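J.: I am attaching a structure below and will ask some questions about it afterwards.
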Amino acid sequence: MNKTVICPGSFDPVTLGHLDIIKRASKMFGKVYIAVLVNSSKTPSFSIEERIELLSDAVKGLDNVEIVSFEGLLAEYCRQHGVDAIVKGLRAVSDFDYEFQMAMANKKINPELETIFLTADSDSMYLSSSMVREIGSMGGDISNFVPECVHDRIVKKLKKN
Ligand code: PNS
């Protein structure tokens, strides 16, 4: 489908769940932006620069994927850059309220903008960046949760925090 979509998130840090959604979106759509953004209700462990660097390595080889980062409203960015839809992963029912609220708010700001939810695959149903941060910071094994090529850097950073 020759559409431009955007996968927004904190990516603090990138997980295999994120990567699964990004790979599936890159097969379905012509162009996929990944937007590394500030979520004002969260205090990140990784800087924006670190998150972008990890993501860049994780998506290497996906030719129609481009990483962006900006301040301001996602829906306005989409309007200015010809983005047709937001693509987000939906894990369990617990994600739904939060994601639905964001989708509605984004649509109010930019009525042309759709939000498409892809269901998380069964391996990623339980997976979140906060879980990775917690397990990693306590010295636990996160190798099943994050892309292999960025595993060591994530472990190192979480141990320092
Ligand atoms: O991975 P997250 O933290 O659930 O992602 C949330 C994110 C970053 C997509 C959201 O906070 C966002 O879109 N921030 C950009 C500012 C914005 O547009 N806020 C209004 C969203 S309704």
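J.: Keeping to segment 105-119, report how many residues are within 13 Å of the ligand (Cβ to nearest atom), of a type in the set (A, V, I, L, M) and in contact with a strand residue (DSSP E or B) (Cβ under 7 Å, 6 or more places away or on another chain).
T.: Residues in segment 105-119 being within 13 Å of the ligand (Cβ to nearest atom), of a type in the set (A, V, I, L, M) and in contact with a strand residue (DSSP E or B) (Cβ under 7 Å, 6 or more places away or on another chain): 1 in total.
J.: Say we look at segment 55-104 and pick out the residues that are away from the ligand (no atom under 13 Å from the Cβ) and among the small types (G, A, S); which of these is surrounded by the most Cβ atoms within 10 Å (Cβ to Cβ)?
T.: In this case the residue turns out to be A58.
J.: Taking L16, is it modelled with pLDDT of 95 or more, within 16 Å of the ligand (Cβ to nearest atom) and either under 19 Å from E114 (Cβ atoms) or not hydroxyl-bearing (S, T, Y) (or both)? Talk me through it step by step, then tell me what you get.
T.: Details: modelled with pLDDT of 95 or more: yes; within 16 Å of the ligand (Cβ to nearest atom): yes; either under 19 Å from E114 (Cβ atoms) or not hydroxyl-bearing (S, T, Y) (or both): yes.
Criteria met by L16.
J.: Counting just the residues of segment 105-144 that are more than 25 Å from F46 (Cα to Cα) and of a type in the set (D, E), which one comes out surrounded by the fewest Cβ atoms within 10 Å (Cβ to Cβ)? Can you show your working first?
T.: Of the residues in segment 105-144, the ones more than 25 Å from F46 (Cα to Cα) are 105-119, 121-122.
Among the residues that remain, those that are also of a type in the set (D, E) are: 112, 114, 121.
Numbers: E112: 12, E114: 17, D121: 15.
Here the answer is E112.
J.: Quick check, is R51 modelled with pLDDT under 95, within 13 Å of the ligand (Cβ to nearest atom) and either touching a strand residue (DSSP E or B) at 6+ places or on another chain (Cβ under 9 Å) or of a type in the set (S, T, Y) (or both)? Even if it seems obvious, please write down each step before you answer.
T.: Details: modelled with pLDDT under 95: no; within 13 Å of the ligand (Cβ to nearest atom): yes; either touching a strand residue (DSSP E or B) at 6+ places or on another chain (Cβ under 9 Å) or of a type in the set (S, T, Y) (or both): yes.
No: the conditions fail for R51.
The values are calculated or read from the model by the stated rules, or taken from the named source; none is laboratory data. Since the structure is predicted, the reported quantities are computational estimates derived from the model, not experimental observations. Every residue, glycine among them, receives a Cβ derived from its backbone with ideal geometry; neighbour counts consider all protein chains shown.
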